[in-house]
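Take a look at the structure set out below.
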């Protein structure tokens, strides 16, 4: 019997012929923490009586979730992280560098075939470039930093195939929202996803990150894709680590195969307060919104802002609403400045904040008021997520958010393209 | 091993998909480092009265996909420091499940339909059952994976590492 991508990567890193269901202890190629989770990881590291990390070059900590610090409590955690990185010689990405899940691949830390952990649930993002990357807790990160290894249960795999031709105005975000709505918030719990098909092949690498990023929203452990020529070129441009791409064998065993024909897919929206509460944009069009957000590890890349700028070109964010934009990294912000996207969005009334997670996690940069509706490109719309438990969060593509900002109510972006 | 305590249900119902943002909001987890302080906000966004209904040794009881979403270890930490002895749910999201045992917190999969707020429960781990003394019935529980038994017996991953100097699972 052949192997899935997950089985191959976990076999290669554990020195075993690993099959779904096995427990393996595997060598890690890279690991990350962020400011919401690394404080606890440092505490666990100390409690484990460790003195040195196994290899500082294989670790990065990113201050992105609440950055720059909005209060003394956060500042104390940031200082703890900075001191630890300095002490251990670990790469620190301090305030303003960007979101961990943009920086980790962008700065060349991970390449196809790697095994990566991160103390952040959206670590599954790098699956888009054929990395088995998965979210873990802070104490697992501490164990990884000490041992350079972690134990894994080798997951079974769900194969997801997107077929047909993506209609104009429908994007990667709509594909993943459609999948999550179809299989549910626990549709892939304990499973790896292998996502492919002609629709994925036609997407840019940036757009593929959007899809793998949200694998966790249906419970998946990883959101793997093949490393095709586009991915290998992308990786080459972002670093000098040598990739070792893995593909599934033809006779690999899948727990389930899901096929979605996208030819007649409409833009999708996830309604409050669950990501799997999805619908066609037409079902919620007209719902008033007071705040928009374009950014986050899901949709804060150059292409996302270019699409938003195209929708908003020559138009204004409706009076009485505000559009917050948070580029996912300094590099992205610089590219936006260089190609005019940044200026164009500001002219339309968008409000840029520091590269990073922006208001996604409810700590700063735009906590909604009581009872307000927000339309966001983020990956979660849980009650209270943005810091106010009486607000309502809708999720959509950058085009959908931009169109909704023009009207001050949820709108179908296709009429603006 | 066995534990006795009362069932405490967020919103006093069996709720599915309780995510870790609900267990502990980002508003608190980013700035509060003291786990005893975090514990006071456990489940606050979903059920603001939850913490005030707790007594030491209670069990948190919920539906399927408990702990979905964020990887924050502050979620099982807030539960543990609120003196909740175990989480009983129909199913768990994988990062949360792993984090529980890493902290030495018991998480049990069982059919929780029929358990009501305040029911007196006994978890009989060796017997593979939960006895609902209030309702006079037994619920079968799925056996704990061997790795989780090891972590639980050692008192969590920190103690496991101190004991073995690395992974011994």
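What the table shows:
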| item | result |
| --- | --- |
| Options A:351, A:367; residue that is more than 22 Å from residue A:212 (Cα to Cα) and either in contact with a helix residue (DSSP H, G or I) (Cβ under 7 Å, 6 or more places away or on another chain) or surrounded by 24 or more Cβ atoms within 10 Å (Cβ to Cβ) (or both) | A:367 |
| Within segment A:42-74, tally of residues that are free of Cβ contacts under 8 Å to residues at least 12 places away in the same chain and under 18 Å from residue A:387 (Cβ atoms) | 3 |
| Which listed residue is farther than 17 Å from residue A:155 by Cβ and without any contact (Cβ under 8 Å) to a residue 60 or more places away in the chain, from A:251, A:228 | A:228 |
| Helices (runs of 4 or more DSSP H) contained entirely in segment A:59-165, each with at least 1 residues that are within 8 Å of chain B (Cβ to nearest Cβ) and surrounded by fewer than 18 Cβ atoms within 10 Å (Cβ to Cβ) | A:72-88 |
| Residue list for segment A:366-379, filter: assigned to a strand (DSSP E or B) and within 20 Å of residue A:216 (Cα to Cα) | A:376 |
| Whichever residue in segment B:20-45 is in a loop (DSSP other than H, G, I, E, B) and within 7 Å of chain A (Cβ to nearest Cβ) and, among such residues, is farthest from the chain's Cα centre (by Cα) | B:31 |
| Qualifying positions in segment A:339-365 - within 13 Å of another protein chain (Cβ to nearest Cβ) and part of a loop (DSSP other than H, G, I, E, B) | A:356, A:357, A:362, A:363, A:364, A:365 |
| Some residue of segment A:277-289 being within 14 Å of chain B (Cβ to nearest Cβ), at pLDDT 95 or above and within 22 Å of residue A:34 (Cβ to Cβ) | no |
| Complete set of residues in segment A:187-242 that are within 14 Å of chain B (Cβ to nearest Cβ), assigned to a helix (DSSP H, G or I) and under 24 Å from residue A:261 (Cβ atoms) | A:213, A:214, A:215, A:217, A:218 |
| Boolean, residue A:168 is over 20 Å from residue A:231 (Cα atoms) and either within 14 Å of chain B (Cβ to nearest Cβ) or outside any loop (DSSP other than H, G, I, E, B) (or both) | no |
| Candidate set from segment B:81-110 (those that are away from chain A (no Cβ under 14 Å) and out of contact with any strand residue (DSSP E or B) (no Cβ under 6 Å at 6 or more places or on another chain)); member that is farthest from residue A:217 (Cα to Cα) | B:83 |
| Pick from segment A:172-186, criterion in a loop (DSSP other than H, G, I, E, B) and on the phi < 0 side of the Ramachandran plot, ranking: farthest from the chain's Cα centre (by Cα) | A:186 |
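The values are calculated or read from the model by the stated rules, or taken from the named source; none is laboratory data. What you see is a predicted model; the values in this text were computed from it and never measured. So basically every Cβ, Gly included, is an ideal-geometry build from the backbone, and we count neighbours across all protein chains shown.
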